[in-house]
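What follows is one structure encoded as structure tokens, with my remarks underneath.
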Amino acid sequence: MLSTIQPPRYLSRFPLRGRTKSRSFHILSSAQPVTKTCFAADQSQILSIRDSLLNRHLSAVELTHSYLDRLKQTEPHINCFLHVSDPDKVLKQAQDIDDKIKRNEEVGPLAGVLVAIKDNICTADMPSTGGSYILEGYRPPFDATAVKRLKDLGAIVVGKTNLDEFGMGSTTEASAFKVTANPWDLSRVPGGSSGGSAASVSARQCVVSLGSDTGGSVRQPASFCGVVGLKPTYGRVSRFGLMAYASSLDVIGCFGSSVADTGILLHAISGHDSLDATSSKREVPDFTSQFTYASSLKSRPLEGLRVGLIRETVDAGVDSGVKSAIEGAAAHLEQLGCVLKEVSLPSFSLGLPAYYILASSESSSNLSRYDGVRYGNQASSDELNGLYEESRAKGFGSEVKMRILMGTYALSAGYYDAYYKRAQQVRTIIRKSFKAALDENDILISPAAPSAAYKIGEKKNDPLAMYAGDIMTVNVNLAGLPALVLPCGFVEGGAVGLPVGLQIIGAAFDEEKLVKVGHIFEQTLEGYNFVPPLVTDVGGASPEL
């Protein structure tokens with residue numbers, strides 16, 4: 001049984017010495033030591049890179065050149081990035097890593113790993129616009145905590161990725177600057193709002209990437225782009241440096257081409273942060289400690305795991321191809337030893353309207369800071385109110401304006417109890433229903449979206465249809481739970497089909513179980529290759545030994 005998530009061709013050309021042996025690989029865990037991982041390097045691009053660098057089979061400069069070449073060739077087709085790091089600066093960082101290795105000095109566990117960062121996550125040395133004209137050219141004086149932790153471990157930031165403005169959208173079409181395409185079919189959307197981060201990993205422009213998830217903005221694009229996306233428990237990862245959309249829902253999430261890489265990335269950025277009062281003080285476990293070789297898995301490695309398929313997520317309104325793929329994934333889990341049953345969450349359909357009321361209400365408050373005085377580009381005006389009006393009218397796009405107005409209305413006198421207060425009551429009901437379901441099941445599963453990626457422009461003028469696409473994901477944010485999405489099959493569309501993602505939902509702070517189940521699932525799912533044709537067609541320069 002082999003992993004179906006294949007590494008880029010230029011990595012697979014480099015046989016790693018001692019590949020059957022594991023390497024001690026310590027990941028940041030809020031200053032907590034972690035145990036040695038026990039899975040093969042070829043199940044993870046991150047570990048393959050580390051093994052290649054330390055065994056001198058590949059230099060960081062060669063590796064970086066190959067990624068930059070691929071990015072240069074694919075970027076005109078897909079438009080993932082709003083800002084690409086200066087190649088000379090990136091190569092200088094790679095050279096510093098090579099020099100340390102030559103001197104037998106210790107390098108960080110993410111040394112040489114190229115990471116893309118969603119542009120609503122602050123970076124000190126490059127623009128952070130949130131995909132909005134109002135912040136065009138803005139350079140924060142600090143790194144977000146998640147970014148700082150990655151840099152401290154040796155990761156190299158390759159650029160800032162495109163997004164729906166301030167995270168408000170499901171297609172990346174609401175960006176003020178450009179529209180990102182799906183690497184599987186350039187006429188289709190990559191999902192959103194983290195479409196640039198998902199597409200950049202899918203197109204192998206970087207190794208891993210960071211996104212943000214308020215109502216599904218990591219998981220839905222992961223499904224559309226055929227990559228792994230992980231939304232952590234609220235509070236697992238510091239939100240310091242993440243531009244606030246809906247503060248009680250926002251989390252920073254991870255993208256990778258395998259569950260292993262996504263788990264490693266999450267481990268690197270997790271842990272309490274004194275700069276974020278909402279970050280949890282819980283000890284961060286080693287998410288990779290239970291990963292094993294594919295060859296050492298038992299015939300039923302998930303024997304006895306209780307899995308609940310959420311009935312409301314495979315009812316009417318879900319594309320038949322998506323439903324078939326999810327049913328196939330459920331059958332595969334049964335073959336792995338899981339005990340599968342349908343569970344009903346009667347409040348599930350209430351999550352979508354409650355989410356949009358709460359998220360819009362919080363955004364109307366959070367975005368008030370962008371007034372042209374405290375933050376944002378300033379319009380010229382003779383008096384203060386006019387300055388506010390002009391700065392916001394020119395700086396915000398139509399989707400952001402609409403959500404601010406919706407939120408302000410929901411919070412206004414006479415409507416607060418009817419909308420905002422009631423939405424909070426629904427949120428409590430949803431939390432209780434998920435807790436009850438997870439008390440009886442180890443994990444819950446569902447599609448990540450009711451359809452595969454749709455055409456660019458198809459739903460741009462129909463916001464209600466676009467919002468309905470979030471029905472599979474918003475409840476998880478309302479409940480504050482972790483969820484993993486990984487590709488499980490295809491539906492018709494494009495040149496070779498369009499990927500479908502399976503969503504696996506766990507109890508709060510139980511990401512370790514999610515990555516364990518996901519890792520076994522992807523290793524044993526045979527007959528699929530989740531590398532888009534764009535990667536094969538474009539290729540990219542490969543370093544030679």
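The values are calculated or read from the model by the stated rules, or taken from the named source; none is laboratory data. From a predicted model like this one, the values you see are computed outputs, not experimental measurements. All Cβ positions, even for glycine, are placed from backbone atoms using ideal geometry, and neighbour counts span all protein chains on display. Note: areas computed on protein heavy atoms with side chains; ligands, DNA, RNA excluded. Shrake-Rupley method; radii C 1.70, N 1.55, O 1.52, S 1.80 Å.
From Cα pairs below 8 angstrom and at least 6 apart in sequence, can you work out the relative contact order of the chain, rounded to a whole percent?
Values: 1302 pairs, mean separation 107.2, N = 545.
Over the chain, the number comes to 20 percent.
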Only residues of the range 168-194 count here: report those whose backbone N is under 14 Å from the spot 7 Å along Cα→Cβ of Lys455, or say none. 186-189
Given the peptides 110-116, 206-212, 63-69, 186-192, arrange them by the average over their residues of other C-beta atoms within 10 Å, most packed first. 206-212, 110-116, 186-192, 63-69
Rounded to the nearest 10 Å², the accessible area of Lys341 at probe 1.4 Å: 90 Å²
Over the range 318-368, what portion of Cα pair distances is larger than 12 Å, expressed as a whole percent? 76 percent
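Taking all protein chains together and a probe of 1.4 Å, list Lys281, Lys100 from the most accessible to the least accessible. All intermediate terms of the calculation are to be shown ahead of the outcome.
Working: Lys281 165, Lys100 85 Å².
Putting Lys281, Lys100 in descending order of accessible area: Lys281, Lys100.
In the range 187-264, carbon and sulfur make up what percent of the accessible area (probe 1.4 Å)?
Of the solvent-accessible surface of the range 187-264, carbon and sulfur hold 56 percent.
Report the full-extension gain for the segment Ser320 to Tyr138: residue separation times 0.36 nm, less the Cα-Cα distance, to one decimal in nm.
Between Ser320 and Tyr138, full extension yields 61.1 nm more.
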Convex hull volume per residue for the chain, taking Cα atoms only, in Å³: 136 Å³
For the chain, what does the helix formula give at 222 nm: sum of -39500 (n - 2.57) over DSSP H segments with n ≥ 4, over the residue count, nearest 500 deg cm²/dmol? -10500 deg cm²/dmol
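Ordering Tyr375, Tyr454 by how much accessible area each has at a 1.4 Å probe, largest first, what is the list?
Tyr375, Tyr454
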In nm, give the distance between the simple-model label positions of Glu106 and Glu389, each being 7 Å from the Cα along the Cα-to-Cβ direction. 6.1 nm
Quick one, what does Rg over Rh come out to for the range 264-386 if you take C-alpha atoms and the Kirkwood Rh? 1.16
Please express the shape of the range 165-287 as an equivalent ellipsoid: the semi-axes are the square roots of 5 times the eigenvalues of the C-alpha gyration tensor, given largest first in whole angstrom. 25, 17, 10
Residue span Glu440 to Ala331: 0.36 nm per residue of separation minus Cα-Cα distance leaves a gain in nm of 37.3 nm
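Rounded to a whole number of µm²/s, how large is the Stokes-Einstein D of the range 397-528 at 25 °C and 0.890 mPa s, given Rh as the Kirkwood radius over C-alpha pairs? Write down the numbers at each step before the final one.
Values: Rh = 17.5 Å.
Result for D is 140 µm²/s.
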